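Taking it in order: structure first as structure tokens, then the write-up.
Just so it is clear, none of the values below were taken in a lab; they were calculated from the coordinates. Every value quoted in this text rests on a predicted model; they were computed, and no experiment measured them. Cβ coordinates were reconstructed from backbone atoms using ideal geometry, including for glycine residues, and neighbour counts include every protein chain displayed.
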Amino acid sequence: MSHEVDYEAGSYVGDDRVPGEPAAEEHSLGREVRGYVLGLALAVALTVASFWAVETHQIYRPGAAVALLVLAVAQMGIHLIFFLHITTAPDNANNVLALAFGALIVCLVVFGSLWVMGHLNQSMVPMDQLMQMQR
Amino acid sequence: MTTSALRFAHDPDFGPPETVLGAASGHGSGGPAPKRIVVGYGFWIFLLSDVIMFSAFFAAYAVLFKNTAGGPTAHDLFDLRNTAVETGCLLASSFTCGMASLAVGQRNQKWTQITLLITGLLGLAFLLLEFHEFSGFVARGAGPSRSAFLSAFFTLVGCHGVHVSAGLLWLGTMMAQFYAKGFRQDIRHRFLCFSLFWHALDIIWVAIFSLVYLVGTLPPELLP
């Protein structure tokens, strides 16, 4: 028998896990605190970088808006991993798939709206001409 | 039941021996997932639908950004120092909320209450700063009815503020429940949902401070 599980009477009663899941004690508290501290440090670093990118001339200025977008996406990733604990673990597969679908819809809504409205704006009759035509 | 009996009840091709013991593997094998996973998944679906609602507000804001109707622009209005303090409050409260979930994992009443109280106070500080900013805008004649740009701005950022207010009420009830009823399993599940909600609000704030405040204060000639 390669795998022995201790089925002590009452050992799982009232505890929210199924046999075979690692016991709560196995995640040491210190390691979990370190995970949150690392996440906080990375998030603070990216936030500071974002505020720096507005002012600095180290970045090619016309690219500043794109730099801010990239930093924001990176920070969202840090939050997802360190705070929301979205992982590649098997019990997270459904969460990751739902997240991917959500991200797809968000991109469609935001970039789709900008694209369509930009084109509408371009092909619209200029406002002064429109007023002339309505007379 | 012995492990060998369980092993026969299961197709061993589907996973390593650990999954034979009954834990859901996430790949279609194993027994039902623990309730914590199912509750978290359901709430995650709700949060994603909330994020999609926010994405519609973001799209409206981006489309209407230049429609200032001769009124104040983002560059004139936004004060980045205020935004930086708000960001700090919300990020710190996200961290203390994480600490609270560790305290709940340890069944430590004192630290659960302390970390949740700090989380709530930081959230309250964020809300007060936001209210102060909004009332300042309105006093300067830059209320939501001034231009399409400001309508979209107040809708987007105000909607996030409403979520934070709802989160604060929820946080208060969680503190009361832990205090009165202890670390019961159903209450811990509610707290799991609350912590997901609170962290998700911080993610939305990341998008708001980067794409609304920081991009908005860039000189207009740098914007696409």
GNM on chain B, Cα springs under 10 Å; top mean-square fluctuation among B:M53, B:M174, B:M99 goes to B:M53
Using eta = 1.567 mPa s and T = 4 °C, Stokes-Einstein with Kirkwood Rh from Cα pairs puts D for the range B:100-194, in µm² s⁻¹, at 86
Restricting to lysines and to Cα separations under 20 Å from B:K181, and discarding same-chain partners fewer than 8 apart, the set is B:K35, B:K110
Computed over all unlike Cα pairs, the Kirkwood hydrodynamic radius of chain B in Å stands at 20.2
Both in Å, the radius of gyration and Dmax of the C-alpha trace of the range B:155-197 are 12.2, 39
Counting as exposed only trypsin sites (Lys or Arg not before Pro) in DSSP loop states with no more than 14 other Cβ atoms inside 10 Å, the longest exposed-site-free span of chain B is B:1-65
Mean per-residue count of partner chain Cβ within 10 Å for A:105-111 equals 6
The answer for chymotrypsin sites (Phe, Trp or Tyr not before Pro) in the range A:31-76 that fall in a DSSP coil and have at most 14 neighbouring Cβ atoms within 10 Å is A:Y60
Expressed in angstrom and rounded, the centroid-to-centroid distance over alpha carbons for the range A:95-127 and the range B:66-129 is 29
Helix-only [θ] at 222 nm, chain B, -39500 (n - 2.57) per DSSP H run of 4+, per residue, nearest 500, equals -24000 deg cm²/dmol
Within 10 Å of the Cβ of an average residue in B:80-92, the count of other chain Cβ atoms is 2
Contact order relative to length for the range B:76-179, counting C-alpha pairs under 8 Å separated by 6 or more residues, stands in percent at 28
